[in-house]
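Remarks on the structure that follows.
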Amino acid sequence: MRPLHVLPLFALALAGCTTGGRFVEAVPTQQFVASRSPEVIVNAPADVVRSVIAENAARRGSNLFEVGGGLALQAPLGQTTPEVAVACGPHIPGRQIRVLLRANEQGQRTRLTEERFIVDGGRVCPMPMVDADVRQAIGALNRVKDTSEQIQRRFDSPTGQRNT
């Protein structure tokens, strides 16, 4: 048996949304696709990856801080999509989006992942990612990967030993 709080959401999804008795143009729903965080494997140590993330954030004037074992970027979220509203509630003034990047070293490589969260004051809600979000995240992770690997190649000699 399904919990009772799920039934109203299910009914709204089937019936479409209306507000105040007016019909609202149906917005094609996007299917959440990220069952796990988008990730890439970077052929560089985690310290190089983290420095690239920090340099990119500084260049854009973004605030970067450590949270949950990763580096987080946070910015105001002007509006809330229907998908996010279902998962995290209606838009609240002052709502922020947090992008959490984790660089976990695995031998000579680094596994770089991205997670997104909605922050409402002290409340943090995992943000559902749709196809477009996943594509955007993978693109951003690949840019960090490419830059990190270029930097690492400059430090490595042809024999694979680090130049000092």
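What single numbered condition from (1) surrounded by 11 or more Cβ atoms within 10 Å (Cβ to Cβ); (2) at pLDDT below 90; (3) within 22 Å of Ala85 (Cβ to Cβ); (4) not hydrophobic (A, V, I, L, M, F, W, C) fails to hold for Gly21?
In the conditions (1) surrounded by 11 or more Cβ atoms within 10 Å (Cβ to Cβ); (2) at pLDDT below 90; (3) within 22 Å of Ala85 (Cβ to Cβ); (4) not hydrophobic (A, V, I, L, M, F, W, C), Gly21 misses (1) alone.
So in the stretch 24-75, with the set limited to residues that are among the small types (Gly, Ala, Ser) and modelled with pLDDT under 80, which one is farthest from the chain's Cα centre (by Cα)?
Among those that are among the small types (Gly, Ala, Ser) and modelled with pLDDT under 80, it is Ala26.
Within the stretch 85-101, how many residues are β-branched (Val, Ile, Thr) and either over 21 Å from Leu141 (Cβ atoms) or free of Cβ contacts under 8 Å to residues at least 24 places away in the same chain (or both)?
Summing the residues that are β-branched (Val, Ile, Thr) and either over 21 Å from Leu141 (Cβ atoms) or free of Cβ contacts under 8 Å to residues at least 24 places away in the same chain (or both) in the stretch 85-101 gives 2.
With Val119, Val124 as the choices, which residue is part of a strand (DSSP E or B), among the β-branched types (Val, Ile, Thr) and surrounded by fewer than 17 Cβ atoms within 10 Å (Cβ to Cβ)?
None of the others qualify; the one that does is Val124.
Which residues, counting only those in the stretch 50-105, are among the β-branched types (Val, Ile, Thr) and open to solvent by less than 40 Å² (accessible area, probe 1.4 Å)?
Answer for the stretch 50-105, where residues must be among the β-branched types (Val, Ile, Thr) and open to solvent by less than 40 Å² (accessible area, probe 1.4 Å): Val52, Ile53, Thr80, Val84, Ile97, Val99.
The values are calculated or read from the model by the stated rules, or taken from the named source; none is laboratory data. Remember, it's a predicted structure, so these values are computed and weren't measured experimentally. Quick reminder, even Gly has a Cβ in these numbers, built from the backbone with ideal geometry, and neighbours come from all protein chains shown. All accessible areas refer to the heavy atoms of the entire protein, side chains included, with ligands and DNA or RNA removed. Shrake-Rupley method; radii C 1.70, N 1.55, O 1.52, S 1.80 Å.
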